[in-house]
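Read the structure below first, then the notes.
The values are calculated or read from the model by the stated rules, or taken from the named source; none is laboratory data. Note that the coordinates shown come from a computational prediction; the quantities given were computed from them, not determined experimentally. Note that we place each Cβ from the backbone using ideal geometry, even for glycine, and neighbour counts take in every protein chain shown.
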């Protein structure tokens, strides 16, 4: 299709040149004939044809020069607009949009590329500002609490029980600040150009059992029943990163599952992938909450998340790690009934593809 279009364009161009030359020949013939009549000379044969050809050449050269000057001015307009747009983008103005009608394919692609770049940079700037705003908000809340209760502790007449209560809150808010900082560092490392990623073969079922044992004090304190439906499975993944995934998902399930509830961790394998499902009968999520649950700083339940020291970054980190492994994570939930997270990953990673990403 592309070759056909090229040859069609070439044919039309050649036909136009032929027609133009015929017109120039007609004009040149009549001009030279009039000039000979005016001079009273009537050359024949070779000289008549020679001057007709010279006339055609002069007319053709003039038309080429005029066309070139018009095209040069048009191109100059393109370049001036492009340079101005790039200059504005360099200064942080991402509202740039070039509306030039470029006939040349090269200019058309260049203008489209600049417009696309401006849109993408504008989106990145919006995300950056939103990220800074969210970080500031998350840090400001515990700092305000720490500052307020530290001032209250200056009161020498404060009863000992209140003093201990205030100190407990300050300690809790300090831990919350530390967790926000730690999660931000993790997210920054994962989104860097060369994130830490060292996949190897290991037993996934053993890793999941170890995570459950590590969190045993948490689920025993709430008398939660842990049901494991696992089989021996060796996978290729980054063991440390995947440990963060399971710790985060299981910690969330424990936090939002009521006392005497049940959490089930099950495993299933397909042709070249496996799926881990973490199911709980906790508070659940609405359909709207499920849409944004993996976004940074999103908190489905503000009061309960703050109470448990959540930063709203945990599931964003989980999503990033799963993406690095070329996998998917989804959630199914019903408010006040259950929540299930499904993590699907390849049994064998393509190291070349993963490192390129």
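If we scan segment 259-273, do we find a residue that is surrounded by 13 or more Cβ atoms within 10 Å (Cβ to Cβ) and under 26 Å from the mean Cα position of the chain (by Cα)? Can you show your working first?
Going residue by residue through segment 259-273, those that are surrounded by 13 or more Cβ atoms within 10 Å (Cβ to Cβ) are 261-268, 273.
Retained after the next criterion (residues that are under 26 Å from the mean Cα position of the chain (by Cα)): 273.
Yes, some residue in segment 259-273 is surrounded by 13 or more Cβ atoms within 10 Å (Cβ to Cβ) and under 26 Å from the mean Cα position of the chain (by Cα).
Table: residues versus (1) in a helix (DSSP H, G or I); (2) modelled with pLDDT under 70; (3) on the phi < 0 side of the Ramachandran plot.
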| site | (1), (2), (3) |
| --- | --- |
| 53 | yes, yes, yes |
| 77 | yes, no, yes |
| 84 | yes, no, yes |
| 89 | yes, no, yes |
| 99 | no, no, yes |
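Anything in segment 288-307 that is modelled with pLDDT under 70 and either part of a helix (DSSP H, G or I) or within 16 Å of residue 330 (Cα to Cα) (or both)? List them, or say none.
Filtering segment 288-307 down to residues modelled with pLDDT under 70 leaves 299-307.
Residues satisfying the conditions are 300, 302, 303, 304, 305, 306, 307.
Of 172, 242, 236, all but one fail to be in contact with a strand residue (DSSP E or B) (Cβ under 7 Å, 6 or more places away or on another chain) and either under 29 Å from residue 324 (Cα atoms) or not in a loop (DSSP other than H, G, I, E, B) (or both); the exception is 236.
How many of the residues in segment 330-349 are closer than 21 Å to residue 198 by Cβ and in contact with a helix residue (DSSP H, G or I) (Cβ under 9 Å, 6 or more places away or on another chain)?
Our first condition is that a residue be closer than 21 Å to residue 198 by Cβ; within segment 330-349, this holds for 343, 345-349.
The next check asks that each one be in contact with a helix residue (DSSP H, G or I) (Cβ under 9 Å, 6 or more places away or on another chain); those that pass are 343, 345.
Of the residues in that region, 2 qualify.
Within the span defined as segment 138-158, one or more residues are touching a helix residue (DSSP H, G or I) at 6+ places or on another chain (Cβ under 8 Å), surrounded by 10 or more Cβ atoms within 10 Å (Cβ to Cβ) and not in a helix (DSSP H, G or I).
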